Every structure is written in C-alpha cells, then in structure tokens.
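Q: First, the structure itself, so that you have it in front of you.
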Amino acid sequence: MGGWAIAVHGGAGVDPNLPKERQEEAKRLLTRCLEIGISALRSNLPAIDVVELVVRELETDPLFNSGRGSALTENGTVEMEASIMDGPKRRCGAVSGITRVKNPVSLARLVMEKSPHSYLAFSGAEEFAIKQGAEMVDNEYFITEENVGMLKLAKEANSILFDYRIPTIGTCGAGAAMESPLQMNGLPISVYAPETVGCVVVDKEGRCAAATSTGGLMNKMMGRIGDSPLIGSGTYACNLCGVSCTGEGEAIIRSTLAREVAAVMEYKGLNLHEAVDYVIKHRLDEGKAGLIAVSSSGEVACGFNTTGMFRGCATEDGFMEVGVW
C-alpha cells in the first residue's frame, strides 16, 4: 500500500478576473476541508466515511455550489443532487431533485446502505429521507441573497449562467457572457464555470471512495439532472481508483468521464496520472471539465481543460497543495 491520499474540489472553470479575496476565501475552505479529511484518515476512518464527512462540510458552507449556496432553478428554487461510491465492492448511492434535505451526500449514502436501489429522485427521495430520519430544512435555507441576484441577471440575459459568481461589471458581466461562442448540446451558453464540489479518498488499507454534490446550473430548467449524481460520469470508485468530476455536465455524461479513468488504468495499463491526462485530452471532445482522482496505491492527481479548478490534495507522506489555476 502507498499510504492514504485525499483530494477535494470546488468546481472547474474559474473566471480569470476572479477577485483575490474570493480566491483566498476558496483556498481557506479547501484547506479546512483537507484538514478535516486528514484528521479523519489519521484516526483510521475508512475512505467512504471520509468522503461523506468532507462533502458535508462543503455542502454546509455557502461558498461553493452545493447544499446551502446552491444555484437556483428558473423558478427560484433549489434542486440539488449528489452521489457517493465505495470502491471495494462498487456500492453506490445517488439522489436528484433534492429540495429539503440538508446534506444530499448523506442521503445518497443512505440510498446506498438502507435501500434496495442505487438512485432515488425528487419526491421519492425526500420521502425516503424522512423515513430514514435525515435532517430536513426549508428550501429557503439553501437560498442566498447573492444567488437571488445572479438569477435575476440570468433571466435578464435570457441565459443559463454557468459561473453565476463572476462579477457583473465590465467584461465579465452577463452581457459579455452572451457573446461567448461556447455551446452545450448545440445551444449557446454563457461564460462557463460551475462550482460543483467533490472529494476522493484512498485510506491506508487501499480502499478508494468518491463523492460529488451540486446545485446544478443557475436558471436551469426544472427537473434538469447533470453528471454529479450519475455513477460513472460524475462519480466513480473501484478497486483501482476513486474519481469526482466537475464542469460541463452534458459533456461529462457523454464521455462517462469518471469511469474512463478507471477503464484506461485497467485496460491500457496506465498509472493514475497518465489516465487522468489521457481522459482530459481525449475523452471530452469539445467539452470543458476537470476531475480529481486517487489510486489504491496512494497516488493523487487532478486534471482540467478549463482556465482553472478550485482544488486541494494531500498525502500521508506530508505533501499538501491547494490551488485555483
């Protein structure tokens, strides 16, 4: 075994003009989450417990787009989604359309461990949550004043705002975003940079796990489901590795990006770093995305083809890094 390793992300695709104070705020949150994960790993918690613990912390803090602080739908509500996967037996759980469960990643784990299914959505998922005693809150808990303002801008621009936290003055405003040549499924989109969160861990026993959580896209259609809850696309873990993706959901879905990392490791014999580099370069077509990954031998890696990705990683031998660009 190569020792434990952990990586976290707060989304791929960062505005080049993101204010320094916002960058530092993101780095502090990622550092705090890494420290929580490191402490848990040193206490011998299994990988699956650690990824849930870290993603819960990210869902609770409103900085990134998950849990409290989630992007708003076209109706001004929050519909969240999450997934979790335990590598040793490839057990998994996923949820979509969550409006009142405080921590969607924990509901995903309940689906994995307490239901006969792998994926529950909308009212069925929330009825299951209530039966399982999950903590419930009003939808207003997840809505921030900042996101209400960004939804207004998105509606005025008649657009889906991918980076709904980009400053709205000057070249980074909604008007400039509308001139972007980027497309999703052939349709024009605005400046792209969602802030999904995720965590991947390999513990000292070589067990890998992954979890991903998001509020989706600002001004998204009601009922839209992205890559984050889709096993093999946004999240994947097996005996070789654990992967969490972020970025253009539709591109990640088409490429089954998370599973591709494991596949090229298994079938092409690539190591983790080679596999991450390969799928980012050759499996996204014209899509924009990023991912974090760990291997059962204790490697940790990240890759992205966007301007930047909020990310952090650490290993048992003392290496620790937090970055944006």
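Q: Do any of 89/114; 155/220; 20/281 go past 18 Å between their Cα atoms, and which?
A: Working: 89/114 16 Å; 155/220 10 Å; 20/281 29 Å.
Where the Cα-Cα span goes over 18 Å, the pairs concerned are 20/281.
Q: How large a share of the accessible area of the chain, in percent, is made up of carbon and sulfur atoms when the probe is 1.4 Å and the other protein chains stay in place? Mind showing how you got there, number by number?
A: Details: 6370 of 12780 Å².
Here it works out to 50 percent.
Q: Angle check, please: helix 47-60 long axis (alpha carbons) against the longest principal axis of the chain (alpha carbons), in degrees 0 to 90, nearest 10.
A: That helix lies at roughly 20 degrees to the long axis.
Q: Okay, moving on. What ranking of 22, 68 comes out by heavy-atom accessible area, probe 1.4 Å, highest first?
A: Greatest to least solvent exposure: 68, 22.
Q: If I stretch the segment between residue 325 and residue 285 completely, what's the gain in nm (0.36 nm per residue apart, minus their alpha carbon distance), one decimal? Mind dumping the intermediate values first?
A: Values: separation 40, 0.36 × 40 = 14.40 nm, distance 2.17 nm.
The span from residue 325 to residue 285 would gain 12.2 nm if fully extended.
Q: Based on DSSP H runs of at least 4 residues, each adding -39500 (n - 2.57), what is the mean residue ellipticity at 222 nm of the chain after dividing by all its residues, to the nearest 500 deg cm²/dmol?
A: Values: 9 runs with 104 residues, N = 325.
Calculated from helices alone, the mean residue ellipticity at 222 nm is -10000 deg cm²/dmol.
Q: Can you tell me the FRET efficiency between residue 39 and residue 273 if r is taken as the Cβ-Cβ distance and R0 is 30 Å, rounded to the nearest 0.05?
A: Numbers: r = 26 Å, r/R0 = 0.88.
After rounding to 0.05, the efficiency reads 0.70.
Q: Against the longest alpha carbon principal axis of the chain, how many degrees, from 0 to 90 and to the nearest 10, is the axis of helix 104-114 turned?
A: 40
Q: While we're here: Mind giving me the FRET efficiency for residue 141 and residue 90? R0 is 41 Å, r the Cβ-Cβ distance, nearest 0.05 is fine.
A: Working: r = 33 Å, r/R0 = 0.81.
In this case the efficiency is close to 0.80.
Q: If you count, for each residue, the other Cβ atoms within 10 Å and average over each peptide, how do 271-278, 256-263, 57-64 line up from highest to lowest?
A: Packing order, densest peptide first, comes out as 256-263, 57-64, 271-278.
Q: Let me ask something else. As I understand it, the value is the acute angle between the Cα axis of helix 20-42 and the longest principal axis of the Cα atoms of the chain; what does it come to in degrees, rounded to 10?
A: Approximately 20 degrees, to the nearest 10.
Q: Give the residue from 72, 251, 33 lying farthest towards the positive end of the charge dipole for the chain; charges sit on Cβ (+1 for Lys and Arg, -1 for Asp and Glu) and the dipole is referred to the Cα centre.
A: Looking along the dipole axis, the top candidate is 251.
Q: Full-extension gain between residue 239 and residue 205, please, as 0.36 nm times their residue separation minus the C-alpha to C-alpha distance.
A: Values: separation 34, 0.36 × 34 = 12.24 nm, distance 1.12 nm.
11.1 nm is the gain from fully extending residue 239 to residue 205.
Q: Which percentage, to the nearest 5, of the DSSP beta bridges contained in the stretch 18-147 is antiparallel?
A: Numbers: 7 of 10 bridges.
For the stretch 18-147, the DSSP antiparallel bridge percentage is about 70.
Q: Something else: Given a Förster radius of 35 Å and the C-beta distance between residue 28 and residue 305 as r, what FRET efficiency does 1/(1 + (r/R0)^6) yield to the nearest 0.05? If you can, show how the numbers build up before the last one.
A: Numbers: r = 26 Å, r/R0 = 0.75.
Efficiency computed from Cβ-Cβ geometry: 0.85.
Q: Pick from 269, 242, 69: which residue has the top mean-square fluctuation in a GNM of the chain where Cα pairs under 10 Å get a spring?
A: 269
Q: Now for a different question. Between 141, 267, 236, which gets the highest mean-square fluctuation from a Gaussian network model of the chain, Cα cutoff 10 Å?
A: Among 141, 267, 236, the largest GNM mean-square fluctuation belongs to 267.
Q: Scan (1) 154; (2) 127; (3) 114 for the value of volume of the Cα convex hull per residue in Å³ calculated from this model and give just the label.
A: Evaluating volume of the Cα convex hull per residue in Å³ on these atoms matches (3).
Q: Leaving out ligands and nucleic acids, and using a 1.4 Å probe, what accessible area per residue does the chain come to in Å²?
A: Numbers: 12780 Å² over 325 residues.
Per-residue value: 39 Å².
The values are calculated or read from the model by the stated rules, or taken from the named source; none is laboratory data. This is a predicted model, so every value here is computed, not measured. Every residue, glycine among them, receives a Cβ derived from its backbone with ideal geometry; neighbour counts consider all protein chains shown. Note: areas computed on protein heavy atoms with side chains; ligands, DNA, RNA excluded. Shrake-Rupley method; radii C 1.70, N 1.55, O 1.52, S 1.80 Å.
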